[in-house]
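Have a look at the structure below, then the notes.
The values are calculated or read from the model by the stated rules, or taken from the named source; none is laboratory data. Everything numeric here is computed off the predicted structure, so don't read it as measured data. Cβ: placed from backbone, ideal geometry, glycine included. Neighbour counts: every protein chain shown. Surface areas here come from the heavy atoms of the whole protein model, side chains and all, with no ligands, DNA or RNA. Shrake-Rupley method; radii C 1.70, N 1.55, O 1.52, S 1.80 Å.
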Amino acid sequence: MVVSESFKIVESAYGKAGVKILHVSQQGSVHTIRELEVETSLTLNNHKDYERGDNSDIIATDTQKNTVYILAKQYGISSPEEFGLILANHFISKYPWVVKAKVTLSAHPWQRVTDTAGRPHNHAFVSTPLSVRVASVLLIRGQMPVVSAGIRNLRVLKTTQSAFVNFVSDEYRSLPDFKDRLFSTIVTADWTYGKINQELDFDSAFSTAHASVLEVFAGPADKGIFSPSVQNSQFLTQKMILEKIPQVEQVSISMPNVHYFGFDLSKFPKIPGLEGKCSGDVYLPVDKPSGQITSTLARGMITSKL
């Protein structure tokens, strides 16, 4: 008896990545720009293209690319999230055999140039790569869209007001307690909107979340804020975002340790004064290996301040 084995495609998607676009809008003499990199991904209700080579239901990736530019011309780009919703809704509504559309977007950070009188320029901009803003829209036919936003490559450092003590001490430990240490990390944050209503301004929400990361990390300018661990700073940041943005359902953050170790100057005893303060302290940046700290805080754990 010959047993025939069957196979089934359990997941498939295709789309266009790296679609770069700059949109310029004008209100009188004031110009506004949005520069995005967009990726589209579509899932169909059949697999005949994979199984039989039948391409009749394929919306070509080049067509998806063209759609990005055409819809930007028709509707503009008010925010990455809004434009992602426009694209996802278009693919679901125009093509009945598309069952899932996912759009991911990243925004290039531009700010207006400020002239010598302190006025924001009408049409000149400067690239300010402090961090990268990202967004994602997932729309499944018959369901509500899932909109997420986030921050990438936000690198921060403070030279004091951070400690790490009283952790597990056993035969494998070599790290001493640090009652005052240099704290640096590269923040990756993602938050998901549980509801999208008229009160939700995506640009304002992003600015609030971004500012919350810096507020918890740095604190007041004159005295800072103490951090007993990366984990605690991470939790307090997530909590603040959820408290300040009631539409956000959950926040995920990754904060790897970016290490700076004090350089050992005791190897140079013939040079006087190196054991003192001299001009300051000298550190050696070490990127690997590094600690990886991640967590997700969801609504229901705290009471939102509406």
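In the stretch 1-81, which GluC sites (Glu not before Pro) are in a loop and have at most 11 other Cβ atoms within 10 Å, using DSSP for the loop call?
Details: sites: E5, E11, E35, E37, E39, E51, E81; in loops: E5, E11.
Here the GluC sites (Glu not before Pro) that fit, given the DSSP loop and packing criteria, are E5, E11.
Start at zero, step by 10 Å, and the Cα-Cα distances of the stretch 119-158 spread as 21, 27, 29, 19, 5 percent across the bins.
Run through the stretch 161-205 and list the chymotrypsin sites (Phe, Trp or Tyr not before Pro) located in a DSSP loop whose Cβ has at most 12 other Cβ atoms within 10 Å. Intermediate results must be reported in sequence, preceding the final value.
Numbers: sites: F164, F167, Y172, F178, F183, W191, Y193, F202; in loops: F167, Y172.
Taking the stretch 161-205 and a limit of 12 other Cβ atoms within 10 Å, the loop chymotrypsin sites (Phe, Trp or Tyr not before Pro) found are F167, Y172.
Positive contributions from Lys and Arg (+1) and negative ones from Asp and Glu (-1), summed over other residues with Cβ under 15 Å from the Cβ of P109, come out at +3. For the stretch 1-141, the convex hull spanned by the alpha carbon atoms encloses 127 Å³ per residue. One decimal place: the segment H31-S207 gains 61.3 nm when fully extended, by the rule 0.36 nm per residue minus the C-alpha distance. Averaged per residue, the chain has 61 square angstrom of accessible surface, using a 1.4 angstrom probe with ligands and nucleic acids left out. The Stokes-Einstein estimate for the chain, based on a Kirkwood radius over Cα pairs and taken at 10 °C with 1.306 mPa s viscosity, is a diffusion coefficient of 69 µm²/s. Taken as Cα centroids, the stretch 1-55 and the stretch 148-215 sit 32 Å apart, rounded to the nearest whole angstrom. Only DSSP H runs of four or more residues enter the estimate; each adds -39500 (n - 2.57), and after division by the residues of the chain the mean residue ellipticity at 222 nm equals -7000 deg cm²/dmol. Between S254 and Q111, residue separation times 0.36 nm minus the direct Cα-Cα distance comes to 48.8 nm. Ranking Q250, W110, I271 by Cα position along the charge dipole of the chain, where only Lys, Arg, Asp and Glu carry charges on their C-beta atoms, puts W110 farthest toward the positive end. Taking only the C-alpha atoms of the stretch 24-102, Rg followed by Dmax gives 15.3, 56 Å.
Compute the FRET efficiency between S229 and E5 as 1/(1 + (r/R0)^6), taking r as their Cβ-Cβ distance and R0 = 30 Å, and round to the nearest 0.05. If you can, show how the numbers build up before the last one.
Numbers: r = 52 Å, r/R0 = 1.72.
Step by step, r from the Cβ atoms, then E = 0.05.
For the stretch 130-179, the calculated P(r), taken from all Cα-Cα distances in 10 Å bins from zero up to the bin holding the longest distance, is 18, 21, 20, 21, 16, 4 percent.
How many Å³ per residue does the convex hull of the Cα positions in the stretch 111-253 occupy? Don't skip to the end; give the middle numbers.
Numbers: hull volume 26.1 nm³, N = 143.
Here the figure is 183 Å³ per residue.
Within the stretch 74-120, the ratio Rg/Rh, alpha carbon atoms throughout and Rh by Kirkwood, equals 1.26.
Evaluated over the Cα positions of the stretch 190-262, the convex hull gives a direction-averaged projected area, one quarter of its surface, of 5.9 nm².
Projecting label points 7 angstrom from Cα along Cα→Cβ for T294 and W97 puts them 3.6 nm apart.
Can you work out the FRET efficiency for the pair K239 and S174, with r the C-beta to C-beta distance and R0 = 35 Å, to the nearest 0.05? It would help to have the intermediate numbers written out before the result.
Values: r = 33 Å, r/R0 = 0.94.
So, using R0 = 35 Å, E works out to roughly 0.60.
For the stretch 204-306, the percent of C-alpha pairs falling in each 10 Å distance bin, counted from 0 to the bin holding the largest distance, reads 13, 32, 27, 15, 9, 4, 0. Among the listed pairs K94/K195; K8/K100; K223/K288, which are separated by more than 21 Å between their Cα atoms? Pairs exceeding the cut-off: K94/K195; K223/K288. In straight-distance terms, cross-link reach from K20 covers every one of the lysines whose alpha-carbon lies under 22 Å from its own, apart from those fewer than eight places away in the same chain; here that gives K65, K73, K102.
Accessible surface of the chain, 1.4 Å probe: 54 percent of it comes from carbon and sulfur atoms. Helix 230-244 axis versus longest C-alpha principal axis of the chain: approximately 50°, rounded to the nearest ten.
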